[in-house]
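The values are calculated or read from the model by the stated rules, or taken from the named source; none is laboratory data. Note that the coordinates shown come from a computational prediction; the quantities given were computed from them, not determined experimentally. Glycine gets a Cβ as well: all are built from the backbone with ideal geometry, and neighbour counts include every protein chain shown.
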Amino acid sequence: MQTIKNKYQKSETVKQLENLIFDFRKKRDGANAVKKYYSDHNATELEKCIIHYTIFRGWQAEKVVSMGRITYKGGENPIFIRNNNTSGQADISLTVSGRSIKVEVKCKWTKDRYQNEAQKKYQRKIEKAGGIYLIIREFSDFKTFLDNYIQNLR
């Protein structure tokens, strides 16, 4: 018996983001506007949706890169050098109305579904310090959160 996998289908929320950005580009660039296509089918694309939507709404957003680097000091064999970043930190850092929001992306469509122990510890530290920590699996979840959060600021 074959198992049928869920096929990705772009959500209405992602389509709304595409139209929102394209309408902005048409006003800014006129006939030269180019449509940008979005997806939340994998973690990288979901991160782009979150960052671009946050910035479009007028807030600060950035991808946190926490990998080390490879160097070839004094020989041919590569050496991995760890960075000085905090272990377990979230994928995206946002600042909305002066409040720190950390976003861990665990895409619904990929196998990366669970936090490791370092990520759980980092979440506890952020929340203890008064920050907000989110685990986002699809763009509609994030859009709902941000729209409600901004609405409640007013």
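So, of the residues in segment 80-99 that are part of a loop (DSSP other than H, G, I, E, B) and in contact with a helix residue (DSSP H, G or I) (Cβ under 9 Å, 6 or more places away or on another chain), which turns out to be modelled with the lowest pLDDT? Break it down stepwise before answering.
Taking segment 80-99 first, the residues part of a loop (DSSP other than H, G, I, E, B) are 82-91, 97-98.
Filter once more, so that each one left must be in contact with a helix residue (DSSP H, G or I) (Cβ under 9 Å, 6 or more places away or on another chain): 86-91, 97.
Details: T86: 72, S87: 79, G88: 86, Q89: 89, A90: 93, D91: 94, S97: 93.
Ranking the candidates gives T86 first.
Out of all the residues in segment 118-137, is one or more buried (at least 16 other Cβ atoms within 10 Å of the Cβ), charged (D, E, K, R) and either out of contact with any helix residue (DSSP H, G or I) (no Cβ under 9 Å at 6 or more places or on another chain) or under 29 Å from Q9 (Cβ atoms) (or both)?
The answer is yes, given that some residue of segment 118-137 is buried (at least 16 other Cβ atoms within 10 Å of the Cβ), charged (D, E, K, R) and either out of contact with any helix residue (DSSP H, G or I) (no Cβ under 9 Å at 6 or more places or on another chain) or under 29 Å from Q9 (Cβ atoms) (or both).
Filter segment 3-43 for residues that are among the small types (G, A, S), surrounded by 15 or more Cβ atoms within 10 Å (Cβ to Cβ) and without any contact (Cβ under 8 Å) to a residue 24 or more places away in the chain and give the result.
A33
Within segment 95-114, which residues are over 15 Å from H41 (Cα atoms) and surrounded by fewer than 17 Cβ atoms within 10 Å (Cβ to Cβ)? If you could, list the steps in order and put the result at the bottom.
First pass over segment 95-114, keeping only residues over 15 Å from H41 (Cα atoms): 95-104, 114.
Once the filter is applied, which keeps residues that are over 15 Å from H41 (Cα atoms) and surrounded by fewer than 17 Cβ atoms within 10 Å (Cβ to Cβ), segment 95-114 yields T95, S97, G98, R99, S100, Y114.
Considering only residues that are modelled with pLDDT under 95 and of a type in the set (S, T, Y), which ones fall in segment 45-70?
S66
Restricting segment 106-154 to residues that are over 18 Å from the mean Cα position of the chain (by Cα) and in a loop (DSSP other than H, G, I, E, B), which is nearest to Y38 (Cα to Cα)?
Top of the filtered list is R154.
What do you reckon, is E117 under 28 Å from I21 (Cβ atoms) and not basic (K, R)?
no
Considering only residues that are within 20 Å of D141 (Cα to Cα) and assigned to a loop (DSSP other than H, G, I, E, B), which ones fall in segment 34-63?
Taking segment 34-63 and keeping what is within 20 Å of D141 (Cα to Cα), we get 37-63.
If the condition is that a residue be within 20 Å of D141 (Cα to Cα) and assigned to a loop (DSSP other than H, G, I, E, B), then Y37, Y38, S39, D40, H41, N42, R57, G58, W59 are the ones that fit.
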